[in-house]
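Remarks on the structure that follows.
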Amino acid sequence: METILRRLLPDGMDDLIRRWRLLVAIRTCGVAGRRELASRLSLSERVLRQDIVILQTYGLIAVTAGGISVTPDGIQTIRSLEEAWPRTAEMWRAVEELKPALNGVRIAGYPAGPYAAAEMARHMEARLHSHMSVCVGGGPLIARAVARSRSLRRLSGLTVYPAQQASAEIASSLARKLGGFQPDGTDIPAILRPPDLLLLEIQEGRMAARAYGLSDDYQRLLDRKEARAEILGYFLNAEGQPVLRIKDSAADLQVIRQASEVLWIGEGELGANAFWAVRRYLSPRGILLADDIFIGTLYQLCFHRS
């Protein structure tokens, strides 16, 4: 249902999902204030104000001096949408519960499927603007999103550079698509660090080993070390401890702490398990961009395991 509507209403779909989430958040709170909602949903005051006016106009919420509440028509609308989009409804319920458990990491979710790469690119685009520096620490997910995207637009004064040599080709592809400048690795000036935005892909250990083209012996070593996740050339075990570092391909992990904003990118069950390991080591901040399978798996890891 959601895929069909998004194909028919590519622009209005985002508004529809955002207002649905707003309705759900108000229902969860009972009676909510504007600041609480803006913080909970990571919305600007302008967007929140516009959405409240629209929901109030259609009789879905009531706005009083005591706060904002959902009307009976609003409750019925939530139920109708949950029946139409069971997977999406389940994902957003998980997102709401995961937020406090992940210490403020914001979550941007999308349905897994044939349009996943386009969805990922659309979320990436929303965080790009002119005259910013973007550092890319990525693998096949980011590469696929950049290659398949039709929404990424050219921006002036944009600088794109890789966090590590292994990400150089992806950074170059993104720079070409956005019309940005990509300095050579040896010529990246210090002024570019810390970046305004770090695109950071989370990879499962074995998949990362194949992406790096590591030898069979190296992959067997990773198995013995029980490497579950890879990030910027470092392999981590299930406890989140680094067990191996790829020589000449590993980046300085300080870039994660120094970046103004970090967009963590992952997908699927394996990606969620990898993020769970990374979370133990780095205490992520920023935004997690993942599909509903990733989010559902992360929910199980967070609330059903010690």
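A search for C-beta distances below 8 Å between a residue of segment 44-60 that is closer than 11 Å to residue 22 by Cα and outside the structural domain of residue 72 (by TED's automatic domain parsing) and any residue that is surrounded by 12 or more Cβ atoms within 10 Å (Cβ to Cβ) and not acidic (Asp, Glu), counting only pairs 6+ apart in sequence or on different chains, returns nothing.
If you take just the strands (runs of 3 or more DSSP E) that sit entirely in segment 235-306, which of them hold at least 2 residues that are touching a Gly at 6+ places or on another chain (Cβ under 9 Å) and β-branched (Val, Ile, Thr)?
Strands (runs of 3 or more DSSP E) meeting the threshold: 261-266.
The set of residues from segment 170-202 being modelled with pLDDT under 90 and either part of a loop (DSSP other than H, G, I, E, B) or within 14 Å of residue 246 (Cβ to Cβ) (or both) comprises 179, 180, 182, 183, 184, 188, 189, 193, 194.
Condition test on residue 243, is it surrounded by 23 or more Cβ atoms within 10 Å (Cβ to Cβ) and either aliphatic (A, V, I, L, M) or within 20 Å of residue 96 (Cβ to Cβ) (or both)?
Against the criterion (surrounded by 23 or more Cβ atoms within 10 Å (Cβ to Cβ) and either aliphatic (A, V, I, L, M) or within 20 Å of residue 96 (Cβ to Cβ) (or both)), residue 243 does not qualify.
Which residues, counting only those in segment 262-283, are under 13 Å from the mean Cα position of the chain (by Cα) and either charged (D, E, K, R) or surrounded by 20 or more Cβ atoms within 10 Å (Cβ to Cβ) (or both)? Within segment 262-283, 262, 263, 264, 265, 266, 267, 271, 272, 275 qualify. Only residues that are surrounded by 19 or more Cβ atoms within 10 Å (Cβ to Cβ) and either in a loop (DSSP other than H, G, I, E, B) or outside the structural domain of residue 262 (by TED's automatic domain parsing) (or both) were counted across segment 121-148, and they come to 3.
The values are calculated or read from the model by the stated rules, or taken from the named source; none is laboratory data. Since we're looking at a predicted model, the values are computed, not measured. Because the Cβ atoms are built from the backbone with ideal geometry, glycine has one as well, and the counts that use them run over all protein chains shown.
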